[in-house]
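Asker: What follows is a single structure, and I will ask about it in a moment.
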Amino acid sequence: MIAPETLATNLESLIGAAYVDAEGDQLRNHAIDGGQPSVVARPATIEQAAEVVAWAGRERLAVVPWGQGTQMHVGAPPQRYDIALDLSGLNRVLEYDAANLTLIAEAGTPLREVYRLTVPERQFLPLGYPGTQASLGGLLVTNTSGFKRALYGGMRDLALGVRVALPDGALVRFGGRVVKNVAGYDMNKLYVGSYGAFGVVLATSYRLAALPEDDRFLAAVFPTLAQATEAAAAVQASLLHPAAVMLLDHQAAQAMALPLTLQPGQVVLLFNFDGLHEAVERELRESEHACQRSGMTEAAQLAGEELLRIWEQLEQWQTAPGTDETAQLRLRIGALPSRLVAAVETLETTQTFGLPGSFWYADYVHGQVYACLYIDPQETVERVVPWLAELRQRTRDWHGYCQITAAPAKLRRQLDIWGETPGMAALHRRYKDQFDPHAVLNPGRYIASL
């Protein structure tokens, strides 16, 4: 095993001493679940980053890529952690073709910088909101699609190509810079949601969308979840085209400070419509009529700062890491939209350790429930594991999944973050053997401990 000082010296010879840190705050700032790297490498160019990955591959050193660090709490703790590869310096837009609505940027580029560049051209990348700090590469490898994908598509629809460094020294491109660019296997999709297990993404190309003229929410209050999902299903089956359909329990809605009168047990249904002003007006009006037919008790329209506050709060709930001080257990449950009511009811009736303030919210269109359970800081894994196993068994019965997205460090180290992945583990292990045979890239952080 290479000593940390030797490791730092060798990296300095590759990329320069100014881009390597082997002590102090940089190591602490790149800790994951309490585990620190031996050294932090901060390459300034794609070529430097590729050299670090190739050298780590030759020396069998574990590399954990970082972007802006907003989602490093997601995934299992790394089994080994020699080099933190900080890509935040790779933050340049390499090509912006406004006429063809495409953009190529380095992987460390924050999404908010893309907004600053594209909004003056009346374009945007619908993966977040104008304040999203997450990097383009980080969004891709975690398959974070934002909440407007019902209208604009998800990451797999918007990502056109990637440039990837492999531990055998190869620096390869998959996909391209235009929408129709693939002959043969669409290999760039392999890296969507891969958590850096098969290669380090250093540059990405995306398809942009036209910035809408109008963008508003309809927030409707319902006495029960069943009534709210009935209204959501009615709108989905109509000719209306919402960009997002979200469900919030009363705790989540109160945390957002929505201008509504809420009682325990009530549910808020959020419809987001954007586009031409006249079209948005009509869609809001017709969706409100659908809500009234399903028993809506109150409604409000939200735009401007209120709209941005909703997007900001939803993103904050997804990106805030779990700490021992806040003692939150956060889950993402996937299920068919027809099973959302059952998923929420199971969540609410089976867990007995959630403290007051626990809440859930859901993306109705894509069948995802996000739960935030406040727990006793002294909560034991013996109480959490049986409940989690029962919840996961029920989601498997619905052909769904249950993933832990944040938890106190002492629980994370003992819990199965991903749960079972039937039919996927063997295939992904073959990918791992092909692209990273010595398991130097994010070892242990992906499904099946890959």
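The values are calculated or read from the model by the stated rules, or taken from the named source; none is laboratory data. Just so we're clear, the structure is a prediction, and the values are computed from it rather than from any experiment. Cβ placement follows ideal geometry from the backbone for every residue including glycine, while neighbour counts extend to all protein chains displayed.
Asker: Is at least one residue of the stretch 369-382 in contact with a Ser or Thr (Cβ under 7 Å, 6 or more places away or on another chain), among the hydrophobic types (A, V, I, L, M, F, W, C), more than 21 Å from residue 229 (Cα to Cα) and surrounded by fewer than 18 Cβ atoms within 10 Å (Cβ to Cβ)? Break it down stepwise before answering.
Answerer: Pass one, the stretch 369-382, residues in contact with a Ser or Thr (Cβ under 7 Å, 6 or more places away or on another chain): 372-374.
Within this subset, residues satisfying the condition of being among the hydrophobic types (A, V, I, L, M, F, W, C) are 372-373.
Those still in the list that are more than 21 Å from residue 229 (Cα to Cα) too: 373.
Retained after the next criterion (residues that are surrounded by fewer than 18 Cβ atoms within 10 Å (Cβ to Cβ)): none.
Scanning the stretch 369-382, I find no residue that is in contact with a Ser or Thr (Cβ under 7 Å, 6 or more places away or on another chain), among the hydrophobic types (A, V, I, L, M, F, W, C), more than 21 Å from residue 229 (Cα to Cα) and surrounded by fewer than 18 Cβ atoms within 10 Å (Cβ to Cβ), so the answer is no.
Residue-by-condition table, conditions (1) without any contact (Cβ under 8 Å) to a residue 60 or more places away in the chain; (2) touching a strand residue (DSSP E or B) at 6+ places or on another chain (Cβ under 7 Å):
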{"site": "85", "(1), (2)": "no, yes"}
{"site": "93", "(1), (2)": "yes, yes"}
{"site": "100", "(1), (2)": "no, no"}
{"site": "104", "(1), (2)": "no, yes"}
{"site": "107", "(1), (2)": "no, yes"}
{"site": "136", "(1), (2)": "no, yes"}
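Asker: When you go through (1) part of a loop (DSSP other than H, G, I, E, B); (2) farther than 20 Å from residue 70 by Cα; (3) modelled with pLDDT of 95 or more one by one for residue 1, which number turns out not to apply?
Answerer: Status for residue 1: all satisfied but (3).
Asker: Okay, next question. Checking the conditions here, which among 126, 130, 120 is surrounded by fewer than 20 Cβ atoms within 10 Å (Cβ to Cβ) and either of a type in the set (Val, Ile, Thr) or part of a loop (DSSP other than H, G, I, E, B) (or both)?
Answerer: On the way: 126 fails: surrounded by fewer than 20 Cβ atoms within 10 Å (Cβ to Cβ); 120 fails: either of a type in the set (Val, Ile, Thr) or part of a loop (DSSP other than H, G, I, E, B) (or both).
After ruling out the rest, the residue left standing is 130.
Asker: Please go through the stretch 435-450 and pick out each residue that is free of Cβ contacts under 8 Å to residues at least 60 places away in the same chain and either in a helix (DSSP H, G or I) or among the acidic types (Asp, Glu) (or both).
Answerer: Residues satisfying the conditions are 447, 448.
Asker: Scanning for something in a loop (DSSP other than H, G, I, E, B) and modelled with pLDDT under 90, does the stretch 4-12 turn up at least one residue?
Answerer: Within the stretch 4-12, the subset in a loop (DSSP other than H, G, I, E, B) is none.
The answer is no; no qualifying residue exists.
Asker: Kindly evaluate residue 44 against the criterion of being assigned to a loop (DSSP other than H, G, I, E, B) and either modelled with pLDDT of 90 or more or among the aromatic types (Phe, Trp, Tyr) (or both). So that I can check it myself, show each step before the final result.
Answerer: Values: assigned to a loop (DSSP other than H, G, I, E, B): yes; either modelled with pLDDT of 90 or more or among the aromatic types (Phe, Trp, Tyr) (or both): yes.
The answer is yes for residue 44.
Asker: Checking residue 400 against (1) under 23 Å from residue 77 (Cα atoms); (2) touching a strand residue (DSSP E or B) at 6+ places or on another chain (Cβ under 6 Å); (3) touching a residue at least 40 places away in the same chain (Cβ under 8 Å): exactly one of these is not met. Which one?
Answerer: That leaves (1) as the condition not met.
Asker: Restricting the search to the stretch 69-116, which residues are surrounded by fewer than 17 Cβ atoms within 10 Å (Cβ to Cβ), in a helix (DSSP H, G or I) and of a type in the set (A, V, I, L, M)?
Answerer: 98, 99
Asker: Does the stretch 270-297 hold any residues that are closer than 23 Å to residue 311 by Cβ, exposed (fewer than 15 other Cβ atoms within 10 Å of the Cβ) and acidic (Asp, Glu), and which are they?
Answerer: 281, the sole residue that qualifies.
Asker: Something else about it: For residues that are modelled with pLDDT under 90 and either over 17 Å from residue 248 (Cβ atoms) or aromatic (Phe, Trp, Tyr) (or both), scanning just the stretch 286-319, find the one that is nearest to the chain's Cα centre (by Cα).
Answerer: 319
Asker: Please report, ordered by residue number, the strands (runs of 3 or more DSSP E) entirely within the stretch 171-254 with at least 2 residues that are assigned by TED's automatic domain parsing to the domain that holds residue 108, modelled with pLDDT under 95 and closer than 30 Å to residue 418 by Cα.
Answerer: Details: elements: 171-175, 200-207, 214-222, 244-249.
In the stretch 171-254, 171-175 are the strands (runs of 3 or more DSSP E) which contain 2 or more residues that are assigned by TED's automatic domain parsing to the domain that holds residue 108, modelled with pLDDT under 95 and closer than 30 Å to residue 418 by Cα.
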